[in-house]
Every structure is written in C-alpha cells, then in structure tokens.
1. In region 348-366, what count of residues is obtained for those that are closer than 21 Å to Leu414 by Cβ and touching a helix residue (DSSP H, G or I) at 6+ places or on another chain (Cβ under 8 Å)?
2. Conditions: (1) buried (at least 17 other Cβ atoms within 10 Å of the Cβ); (2) assigned to a strand (DSSP E or B); (3) more than 13 Å from ligand 2 (Cβ to nearest atom). Leu252 meets all but one. Number of the miss?
3. If you scan region 14-48, which residues turn out to be crowded, with 22+ Cβ neighbours inside 10 Å, small (Gly, Ala, Ser) and near ligand 1 (Cβ under 9 Å from one of its atoms)?
4. Write out, first by first residue and then by second, each pair whose Cβ atoms fall under 7 Å of each other, whose residues are 6+ apart or on separate chains, and whose first residue, in region 387-412, is within 26 Å of Gly67 (Cβ to Cβ) while the second is open to solvent by 70 Å² or more (accessible area, probe 1.4 Å).
5. Please list, ordered by residue number, the strands (runs of 3 or more DSSP E) wholly in region 349-456 having 1 or more residues that are open to solvent by 20 Å² or more (accessible area, probe 1.4 Å).
6. In region 4-54, which residues are among the aromatic types (Phe, Trp, Tyr) and within 19 Å of Ala119 (Cα to Cα)?
7. Return the residue satisfying two criteria in turn: it lies in region 179-194 and is in a loop (DSSP other than H, G, I, E, B) and surrounded by 24 or more Cβ atoms within 10 Å (Cβ to Cβ), and of such residues it is nearest to ligand 1 (Cβ to nearest atom).
8. Quick test of your reading of the structure: Leu155 fulfils all but one of (1) surrounded by 15 or more Cβ atoms within 10 Å (Cβ to Cβ); (2) over 24 Å from the mean Cα position of the chain (by Cα); (3) not in a loop (DSSP other than H, G, I, E, B). Name the failing condition by number.
Amino acid sequence: MAQEHFDICIIGSGSGNSIIDEQFDDKAIALVDRGVGEDLWFGGTCLNAGCIPTKMMAAPATMAATGEHAGRLNVDLHVDGVDFAALQQRVFGRTNGISQAGLAWRESNENVTVLREAAAFVDEHTLQVGRQTITAAQFVIAAGSRTRVLDVPGLDDPDLAGMVHTSETILRIKQLPGRLVIVGGGVEALEFGHIFTSFGSRVTLVNRSDRLLRKIDEELARRATELAAQRFSVRLNQELSSVEPAKRGGLLLRFTDPSGTEYRYNADALLLVPGRVPNGDQLNVTAAGVDVDAAGFVVTDEYQRTSRPHIWALGDVCDPHMLKHVANAEARTVQHNLLHPDEPVTRPTVPVPQAVFTQPPIMVVGATEQALREAGTDYVKVVQPYATVAYGWALEDETGFVKLLVDPATGMLLGAGVIGPEAPDLGQLLVTAMSFGIDVGTMARGQYWAHPELAEVVENALLSAAAECDRRAEQEGRS
Ligand SMILES: Cc1cc2nc3c(=O)[nH]c(=O)nc-3n(C[C@H](O)[C@H](O)[C@H](O)COP(=O)(O)OP(=O)(O)OC[C@H]3O[C@@H](n4cnc5c(N)ncnc54)[C@H](O)[C@@H]3O)c2cc1C
Ligand SMILES: NC(=O)c1ccc[n+]([C@@H]2O[C@H](COP(=O)([O-])OP(=O)(O)OC[C@H]3O[C@@H](n4cnc5c(N)ncnc54)[C@H](O)[C@@H]3O)[C@@H](O)[C@H]2O)c1
C-alpha cells in the first residue's frame, strides 16, 4: 500500500476523537485507535471500561446498599438480589451501541481515515500503524493510559488468565465472583469494592500502604478507609507476592507485610488496580523527539504543545490527573490551537475536582491539608459534620462531613472536600466558589440556601470559615 499523508493524525479515539468536527472538513485526518478491552472497543477508556460503565454499575450498587442503613430510618428493607447479567446487558448495551455508532459515523466522514491498529512513531512525521506507514504534518497524541503491570510470580500463568482481571475486563466478567480480591487502594479499588460488595461478592481489598486514597486529604482518606472497612474486608500494608491455582479451584494469593509475614487469601477472581501508567512508551514517542518526564508522561506546555511544535498531547498520556473532565478540557484546547495557531489558548487553570463514586461518595478539590502544612501555608480549617444540619438528621448520617481549607487573608478556598451522601454534587458548589474566585463570606451570605436542603452543611461550613477569617482579621487589625 502506498504511504498515505495526512494534515493531522490523531492517536486515540477517547477525548482525541472529540476534536474532529465540521471545522476540520477541509483537512485530511487520520484517526488511529487500537481499541479498548478484549473486544477492542472504539471510543476510549471512559466510554468502554472507565467512568461510564463503572458509574452505571455504581448507581445500582448504591441502591442495593441502601438496606445497610435503612434500619436506622426505621425502614425494613432487604435486597433479594441483583440480576448481574441483565445489569451488564443494560450497561454494555448502551455503551457498545455508542461505540459502534461513533465508529460508523467517523468511518462515514469523507475527510477522516480510521485506522484500527496499534501505532508507534518512526520519526517526527512518520507513524507505523500495524503493517502500514503513514505521515502527517501535525499529530495529536491522545493515547491514554493502562493498568500498571505487577511483576509477581504466577500473574502471567495463561491457565489463570480467566480469573485475573484489570478494570478493562472485570465488569464484563461472565459470572459474579463469590470471592473477589482487589489489589490496590486508590479510586478504582474503592469504586470496584463498592460495586462488587453491593452486588453480593465477598470482597477483600489489599493495599500496599497504610491508608486508602493516599493522594487526597488525609482526614477524608482516613474516614473513607474506616467506612470501607465497615462494608468489606480491608487489609493494609500487604503486598502481593504470588498467585497460584488453589487445590479446590480458584486462586491462592499470597501477600507479605513489611516484616515478611505471609498472608494467604483464596479467591474466585483477582482484580489488579495498582495505578495506571501513561501509554507514551508503547507509542515510542521519543522516536519523534517528544520529551517524557520521569514517570513517562508526555511533557506539554499550557497550550498542550509537546517539545515538538507540530505534535500536541492531551489526557492521560500527558496529565497525571488522569481524569476525563481534564482530558476533555485539553481536547478543546488542542482543537482551538489547531484551528487558530496565531491565537492559541491555554488549558483552563482553575482547580480540578475529583469525585469518587463509592459508598459514601467523596468529592475533593484544591490543596490537601498535608500539602498546606508541608508548604508552611497559613490556613483556616473547618470540618462541618452532616449531623449538624436538619437534612443530616433526616438521613441519620453520623459520618459525613464537609472540610474547608481557607486563606485567612482573602477568605478564598484553598482546598475542600466532602464525604457523605450527595458529596459530588455538594462539592461542586465549592468548585464553583474556587473557580470564580468567590470568597467564603460572599458564597455563604450572598445567596439563599433553601431550607432544609443537605447543602446547608456547605453553607454552615462556609459561615464558620468566614467567621474565623473575620475574627483573625480583627485580631490582626485588618478589618
Ligand atoms: C475504571 C475507571 C474508572 C474511571 N472513572 C472515572 C470517573 O468517574 N471520572 C473521571 O473523570 N475519570 C475516570 N476515569 C479516568 C478516565 O477514564 C480517563 O481519564 C480518560 O478516559 C482519559 O481519556 P484519554 O482520551 O486520555 O484516553 P483514552 O480514553 O484511554 O483513549 C486512548 C485511546 O488510545 C488508544 N491507544 C493507546 N495506545 C495506542 C497505540 N499505541 N496505538 C493506537 N491506539 C492507541 C486506546 O485504544 C484508547 O482508545 C476512570 C478510569 C478507569 C480505568
Ligand atoms: N472517579 C474517578 O474520578 C476515577 C475512577 C477511577 C479511576 N480514576 C482515575 O484513574 C487513575 C488510576 O486510578 P487507580 O485507582 O488505578 O490508581 P491510584 O494511583 O489512584 O491508586 C493506586 C493504588 O494502588 C496501590 N498500589 C500500587 N502498587 C501496589 C502494589 N504493588 N500492591 C498493592 N497496592 C499497590 C497504591 O498504593 C495506590 O493506593 C487515577 O488517577 C484516577 O484519577 C478516576
């Protein structure tokens, strides 16, 4: 086949795919994507094996878990079971349909050539795609990330492959595992722990370090760890050391702690979620002269330009946030900059929130308390329990709270977190305050808060923070 040349080559059909619209109708575009999961789905991780299927499963999981708390509200509720096969059919019926329709639409675009094989750079303008070689004037690297591979004896045993899973395969598993062991302690581990416990699996989550969600504020992480441990077995400070077939079927998993003590667990399925690594190495980006950092992320400037001016990057491959809303924002930035090279824009500089869809859910944004402490930054701290507001009483919630970290000089939020029912939606109020530079006093007093909504817990936290900022200002003679 003759070598084909394109104006723009986009590698990755997740957020990268959203760049292409009618504004590019006069450009010859190659969209290269090898596919996600065992069936090589088109459309990237979020649609096929990430945000969407996990949240479509987390929602019924939360519903199934309602019974655990209902007794406290004098409701005798029990769940008879979850029809996992029907649930899978509903979830993947929707996402597979979107993937197939998205691919068909792209393949029908006259100016777009879709190439469905793995790609790797040969040089700064040349890409090997399967057995074909293509060239392009500009490239967009949007190749995402993959699960970190653990070097543990037995994990690569082909006879055990059907029982060893990553986030790409676990949700499409044929049968709900009776005993599921999850290795990892991040967002994925907690979300999958919630889903499979609620559906009836006996879950054991084993984490290498002493706390789950180590990247978020330590007080929220500690509460999340305590609450997770009330729902399923949580084992800390243990590292997977070997995997082998168990005599009576299933897997025998050995873990060791820092003292060398061995722990054994039997499982019907093992889920590995020990973090994700960017895919730039598989794309051989260095052959194109593209710089990567020590962790393997493609280095970009604030315009999403790599070290080569004709090569752009976005999403997980270059951004350690590894979040879909960040990948989407960066795709919009790249789109603008491809269309308007003389008037480039930067990616948004507002704080990036993260929601964790576990039970209870969590929302975090901005600085953690440990980071402020380490940096020697002065801050006002407020922890407002759900139990201090009327709707918190209605829910009989005794564990949820809102945490604010505020600059005492300006009243601006430095960081915030919420753990408890509706945390992602409540936390978004605080994201708004931070993104639009609204100080805590104005945010609390400048609007009505409908009584007795759950958001009153946010209002009260803001009021307390504002009062403390005012008190400090008075004390320091600033008011
Ligand atoms: C289980 C799970 C749950 C998640 N939940 C959330 C959530 O609730 N909220 C949130 O914000 N984020 C969530 N994320 C993260 C989110 O999915 C990612 O941040 C987002 O999908 C990244 O988009 P992307 O476009 O950078 O990469 P992707 O969507 O992964 O797209 C990259 C594409 O590149 C292709 N590709 C890779 N290498 C090559 C190659 N060499 N040649 C050709 N093609 C290649 C892949 O096949 C893939 O289709 C979750 C992730 C996981 C794993
Ligand atoms: N709701 C969401 O926004 C959402 C959901 C899922 C994933 N994601 C994104 O995907 C990315 C990956 O998430 P993740 O949970 O896989 O990774 P993570 O980096 O958040 O957590 C990885 C965890 O695995 C542990 N770990 C690492 N090596 C280990 C080992 N050898 N044995 C045992 N434990 C080990 C780490 O201590 C850590 O707790 C994150 O950046 C996250 O933002 C987001």
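The values are calculated or read from the model by the stated rules, or taken from the named source; none is laboratory data. Remember, predicted model here, so these are calculated numbers, not experimental data. When we count neighbours, we look across all protein chains shown, and the Cβ atoms used for this are built from the backbone with ideal geometry, even at glycine. Remember, those area values only see protein heavy atoms, side chains included, never the ligands or the DNA or RNA. Shrake-Rupley method; radii C 1.70, N 1.55, O 1.52, S 1.80 Å.
1. The total comes to 13.
2. (1)
3. Gly14, Ser15, Gly16, Gly43, Gly44 - these are the residues of region 14-48 that are crowded, with 22+ Cβ neighbours inside 10 Å, small (Gly, Ala, Ser) and near ligand 1 (Cβ under 9 Å from one of its atoms).
4. Hits for this filter: Ala387/Glu398; Glu396/Arg72.
5. Because the criterion is at least 1 residues that are open to solvent by 20 Å² or more (accessible area, probe 1.4 Å), the strands (runs of 3 or more DSSP E) in region 349-456 that meet it are 353-356, 362-366, 380-385, 413-419.
6. Phe6, Trp41, Phe42
7. My answer is Gly184.
8. (3)
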